[in-house]
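What follows draws every value from the coordinates through simple rules; no lab data is involved. Predicted, not measured: the structure shown is a model, and the values here were computed from it. Positions of Cβ are generated from backbone atoms using ideal geometry, with glycine treated the same way; all protein chains shown enter the neighbour counts.
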Amino acid sequence: MDVRMRINRWTAGRRELLYGHAVTSGLVQPHFVVEGQGIDEPISSLPGIHRQSVDVLRQRIAEDVAMGLVGHMLFPVHSEDDKDPEGHLGLRDDGPMMTALKALREDHGDGIVLMADVCMCTVTDHGHCGHVHEGTILNDRTVTTLADMAVVAANAGADYVGASDMMDGRVQAIRSALEEAGHHGTGVLSYAVKFASAFYGPFRDAAGSSPREGDRRSHQMDPRSPVKEAVMEAQLDEAEGADVLMVKPALAYLDVVAAVQATTHRPVAVYNVSGEYAMVHAQHPEADERRAVVAEIMHAFRRAGADVIVTYHAREIVAGGWLGVEA
Ligand code: PBG
């Protein structure tokens with residue numbers, strides 16, 4: 001089956017995230033998970049965000065869930081020494097992200113929505129989002145590996161696998177692999193419209209995922225592309241069975257968000273990326289001063305048509321009640 005409409009309504013957490021009207025509905029907090037114990041390492045390029053081992057992450061997310069923040073997106077961070085060109089780490093079921101998924105599912109059951117990043121850039125030593133042969137990023141071989149990685153994440157308990165790579169045809173391959181593995185209730189959050197952006201810098205520092213050489217322009221969209229090409233990317237992923245479609249980055253692409261929302265039948269997410277977060281922090285390091293700017297940005301995302309907002313601000317928004325009243 002290509003499309004399973006039940007996926008987005010499978011659990012209470014998913015229904016709240018996608019269709020809820022609470023201030024917290026739709027917000028997703030990203031996390032960086034590392035190996036080890038007791039690790040809570042601040043990320044200098046992303047103030048307020050830490051790389052955390054599973055034990056620390058568990059405590060942190062328990063606090064988030066207690067405040068009503070149900071959406072969480074996990075990225076694994078591995079040491080350079082463990083990576084290889086083929087990204088074997090991505091297929092291990094005992095790595096930090098997989099361990100975290102299992103633990104969080106145990107802690108919170110269906111009341112939490114767990115999104116697991118599925119991309120090769122965090123597990124390859126060259127830092128590219130796929131297998132590379134003679135300087136070319138191979139599409140179809142990469143898609144096969146992504147489908148395998150998705151099944152590992154589904155086994156660990158992910159609600160959605162976040163396909164953040166932009167290879168052609170990967171949504172369909174992931175959907176088929178999930179079906180074959182019996183994961184009829186695991187969804188695909190497709191980074192359907194992802195631009196080759198200069199706003200990802202702080203994330204690549206945080207995740208150690210910068211390409212050693214070259215760039216991501218042969219697969220991520222050219223920022224100069226017309227809106228119709230973005231709409232086509234979204235439509236293709238919808239047809240391949242994506243459950244949620246994401247536009248990324250967010251702030252410089254609100255016209256694209258509006259166009260995608262107007263043409264798709266699936267929920268639309270935006271990723272308020274690391275560079276956008278870092279800019280706001282640089283201007284307003286103090287939370288009290290940041291509040292109004294952050295609220296205004298979130299309103300802009302909603303107005304453009306975002307159903308889901310992935311943002312490093314999620315926790316501070318919920319903790320401070322920044323969206324509850326006029327800011
Ligand atoms: C990896 C990925 C990236 C981000 C999320 N997943 C970076 C990239 O494409 O290099 C960026 C998120 C952010 O900047 O906050 N495929």
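Largest first and in whole Å, give the semi-axes of the stretch 43-119's equivalent ellipsoid, each being the square root of 5 times a Cα gyration tensor eigenvalue.
They are 23, 16, 10 Å, listed largest first.
Give me the percent relative contact order of the stretch 5-88, please, defined on Cα pairs under 8 angstrom at least 6 residues apart.
Result for the stretch 5-88 is 31 percent.
For a quick check: with amide H placed at 1.01 Å from N, whose amide H comes under 5 Å from G87's, ignoring anything fewer than 5 positions away on the same chain?
D125
May I ask you to sort S53, S79 by Cβ crowding, counting other Cβ atoms within 10 Å and putting the fewest first?
Numbers: S53 19, S79 10.
The fewest-first ordering by Cβ neighbours comes to S79, S53.
I need W10, W322 ordered by Cβ neighbour count within 10 Å, fewest first.
Working: W10 17, W322 20.
Ranking W10, W322 by Cβ neighbours within 10 Å, fewest first, gives W10, W322.
Which residues in the stretch 5-27 have a backbone N closer than 12 Å to a point placed 7 Å from the Cα of D110 along the Cα-to-Cβ line?
Residues passing the 12 Å test: 7-16.
Find how much the distance from V227 to S45 grows on full extension, using 0.36 nm per residue of separation minus their present alpha carbon separation; answer in nm with one decimal.
So the chain would gain 62.4 nm between V227 and S45.
When we measure straight from the Cα of K248, which aspartates and glutamates land under 16 angstrom away, once same-chain ones fewer than 8 places off are left out?
Output for K248: D117, D165, D222, E229, E233, D237, E276, D307.
Can you run phi through the Karplus equation (6.51, -1.76, 1.60; θ = phi - 60°) for the stretch 33-49 and list ³J(HN,Hα) in whole Hz, with x for Gly and Pro?
Ordered by residue, 3J(HN,Hα) equals 10, 10, 5, x, 9, x, 8, 8, 9, x, 9, 5, 7, 10, x, x, 10 Hz.
At 0.36 nm per residue, minus the direct Cα-Cα distance, what do E35 and S79 gain on full extension? Give it in nm, one decimal, please.
Once the chain is fully extended between E35 and S79, it gains 15.0 nm.
For D2, what charge total do you get from the other residues with a beta carbon under 12 Å from its beta carbon, if Lys and Arg give +1 and Asp and Glu give -1?
Charge balance in the 12 Å sphere: -3.
What aspartates and glutamates could a cross-link reach from K228, if we take a straight Cα to Cα line under 14 Å and drop same-chain neighbours fewer than 8 places away?
Within the straight-line cut-off, K228 pairs with D255.
Could you tally the net charge around P30, taking each other residue with its Cβ under 11 Å from the Cβ of P30, Lys/Arg +1 and Asp/Glu -1?
Working: positive: R315; negative: D117.
Taking every Cβ under 11 Å from that of P30, the sum is 0.
What list of ³J(HN,Hα) values in whole Hz, one per residue of the stretch 270-275 in order, does the Karplus curve 6.51 cos²θ - 1.76 cosθ + 1.60 (θ = phi - 60°) give from phi, with Gly and Pro shown as x?
For the stretch 270-275, the Karplus-derived couplings read 10, 10, 7, 6, 4, x Hz, x marking Gly and Pro.
Test of understanding: what is the full-extension gain from H133 to D2, defined as 0.36 nm times their sequence separation minus their Cα-Cα distance? Spell out each step's value before the answer.
Values: separation 131, 0.36 × 131 = 47.16 nm, distance 3.07 nm.
In short, 44.1 nm is gained.
Could you tell me the relative contact order of the stretch 5-320? Use alpha-carbon pairs under 8 Å, at least six residues apart, and round to a whole percent.
18 percent.
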